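The values are calculated or read from the model by the stated rules, or taken from the named source; none is laboratory data. Computed from a prediction, not measured in an experiment: that's the story for all the values here. Neighbour counts run over all protein chains shown; Cβ positions are idealised from the backbone, glycine included. Quick note on the areas: whole protein, heavy atoms, side chains included, nothing else; ligands and nucleic acids left out. Shrake-Rupley method; radii C 1.70, N 1.55, O 1.52, S 1.80 Å.
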Amino acid sequence: MSISPRRTAVVIGAGPGLGMSIAHRVGREGYTVALVSRSDARHAGYVKSLAEEGIEAEAFAADVRDRDLIESTLDTVAERHGGIDLVYYGPGAVEPDAHPTPIDRIDSDDVRTAMSWVYPAVDVVAKVLPGMIERGDGTLLFAGGLSAITPMPPLGNLALSSAALRNYALTLHAGLAGQGVFAGILTIGGLIERGDIHQLVTSQPERFGDTGSATLDPDEIADGAWRLCADRDRPEAVFSAFG
């Protein structure tokens with residue numbers, strides 16, 4: 001087992017938008033970064049971009065909905081680095097070209113599909129939290145949607161899963177009080193620049209219309225995310241392109 005002298009962060013949902021901005025931000029704070037995403041197609045480029053900033057990184061292909069695989073991936077990271085100090089959970093809840101089901105058309109199957117991205121968050125926490133509590137330090141950060149707090153009927157089933165994830169993060173934050181472990185959530189409304197969904201939408205204006213100013217800079221979100229984790233004075237940071 002090789003143990004890094006640096007702290008270790010796991011970025012689940014490593015994509016070209018917010019995931020990689022988070023990876024670069026925590027890397028600049030001294031973390032070794034383990035990237036996790038469903039495909040390894042872009043991993044070499046991601047690791048190279050981090051290395052260019054002097055950030056030690058490695059990447060793993062794992063779908064969070066495969067419980068055994070994501071747990072074994074976390075085990076591998078912990079064994080190589082002597083533990084996991086920070087986890088960012090932000091996998092995409094839908095494929096880039098898929099659409100949520102509007103609230104007036106959903107059924108329970110639609111909700112179960114959306115919730116399939118929430119259950120792995122609980123599994124990830126169950127895997128890493130005991131070690132964090134034992135050390136008396138650790139960070140758990142989740143990325144969710146603004147529909148968790150603002151009614152957005154077109155997002156339908158995704159609004160329900162966003163609300164569930166937000167409630168889980170906030171309740172976890174309260175439950176961990178006094179144990180040295182921070183849990184928080186980024187509540188995000190708007191297209192995140194450089195991300196896959198942003199690329200899809202902006203490439204098809206005839207289908208999606210003009211996004212105008214309804215976009216967010218992932219680097220600015222990552223800066224806000226780091227402040228949330230470093231200050232630990234509140235459990236949530238909201239980023240909205242809608243005013």
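Restricting 157, 167 to those that are open to solvent by 60 Å² or more (accessible area, probe 1.4 Å), assigned to a helix (DSSP H, G or I) and closer than 20 Å to residue 64 by Cβ reduces the list to 167.
Pairing each residue of segment 228-242 that is part of a strand (DSSP E or B) with any residue that is surrounded by fewer than 17 Cβ atoms within 10 Å (Cβ to Cβ), provided the two are 6+ apart or on different chains, yields C-beta distances under 6 Å for 237/224.
Filtering segment 35-51 to residues that are open to solvent by 80 Å² or more (accessible area, probe 1.4 Å), of a type outside the set (Asp, Glu) and outside any helix (DSSP H, G or I) leaves 38, 41, 42. Within segment 112-139, if we keep just the residues that are among the β-branched types (Val, Ile, Thr) and under 20 Å from the mean Cα position of the chain (by Cα), the residue that is surrounded by the fewest Cβ atoms within 10 Å (Cβ to Cβ) turns out to be 122.
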